[in-house]
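Notes for the one structure printed next.
The values are calculated or read from the model by the stated rules, or taken from the named source; none is laboratory data. The shown structure was predicted, so the numbers you read here are calculated from the model rather than taken from an experiment. Neighbour counts are summed over all protein chains in view; Cβ atoms, including those assigned to glycine, are modelled from backbone coordinates with ideal geometry. Calculation scope for accessible area: heavy atoms of the full protein, side chains included, ligands and nucleic acids excluded. Shrake-Rupley method; radii C 1.70, N 1.55, O 1.52, S 1.80 Å.
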Amino acid sequence: FAALSILATVVVVSTLINPVSGSSSQYRAVFVNASGLVTGSDVQIAGVRVGRVDSVELVNNQAVVGFELESAQRIPSDGRAVVRYADLLGARTISIEPGQAERATGNYLSPGATIPVEQTQPAIDLTDILGGFRPLFDALDPAEVNELAAQVVQVFQGQGLSLIHISEPTRL
């Protein structure tokens, strides 16, 4: 029983710590808003976890996020760091997106470098977006609100091309 308990504890702790496998390199990124990012949040490239957030600090009214990346991964000199939603509960992740320099020149940031605020993007604040719909929701009946909400969710999931008209078109 004791051995099983210790094994279960090790598995749970290693899952919660979420370490980066192998050797890693440290980087930093400066964001206007890093809301939702916490120590241990994932760093992804092309949707694959390649690192984790080490620190989130406020410096001169900007969020400076320190993160480690697997040494085999490199960040293009004009690459972007974007905060994205990791799940429906509001957890956030950093997604590293390649720039044009990777394709054109092969220039990469050296370990320890900082991605400037001009090359970062905070997460979309869904509360602000959906709060902006309040006057519209007040004017629509509940069935139309449900249909509009379904269309908005489809657009955010990339399943819809655009928001379509809610009500039936008038026939001439």
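Hey, does region 5-12 have a residue that's modelled with pLDDT under 85 and among the aliphatic types (A, V, I, L, M)? Yes, the conditions are met somewhere in region 5-12.
The rows are residues; the columns are (1) at pLDDT below 85; (2) among the β-branched types (Val, Ile, Thr).
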| position | (1), (2) |
| --- | --- |
| Asp78 | no, no |
| Ala81 | no, no |
| Ile94 | no, yes |
| Gly106 | yes, no |
| Pro111 | no, no |
| Glu118 | no, no |
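Conditions tested, residue by residue: (1) at pLDDT 75 or above; (2) part of a helix (DSSP H, G or I).
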{"site": "Thr127", "(1), (2)": "no, yes"}
{"site": "Asp138", "(1), (2)": "yes, yes"}
{"site": "Glu144", "(1), (2)": "yes, yes"}
{"site": "Ala149", "(1), (2)": "yes, yes"}
{"site": "Gly158", "(1), (2)": "no, no"}
{"site": "Ile164", "(1), (2)": "no, no"}
{"site": "Arg171", "(1), (2)": "no, no"}
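Taking the numbered list (1) more than 18 Å from Ile124 (Cα to Cα); (2) buried (at least 20 other Cβ atoms within 10 Å of the Cβ) in turn, Leu58 passes all entries but (2).
Specify the residue that is nearest to Ile115 (Cα to Cα); the eligible residues are those in region 61-85 that are open to solvent by 60 Å² or more (accessible area, probe 1.4 Å) and in contact (Cβ under 8 Å) with a residue 24 or more places away in the chain. Even if it seems obvious, please write down each step before you answer.
Let us first name the residues in region 61-85 that are open to solvent by 60 Å² or more (accessible area, probe 1.4 Å), namely 61-62, 72, 74, 80, 84-85.
With in contact (Cβ under 8 Å) with a residue 24 or more places away in the chain added as a condition, the list becomes 62, 72, 74, 80, 84-85.
Working: Gln62: 13, Ala72: 18, Arg74: 12, Arg80: 8, Arg84: 17, Tyr85: 20 Å.
Taking the candidates together, the pick is Arg80.
Every listed requirement among (1) touching a residue at least 60 places away in the same chain (Cβ under 8 Å); (2) in contact with a strand residue (DSSP E or B) (Cβ under 7 Å, 6 or more places away or on another chain) is met by Ser35 save one, (2).
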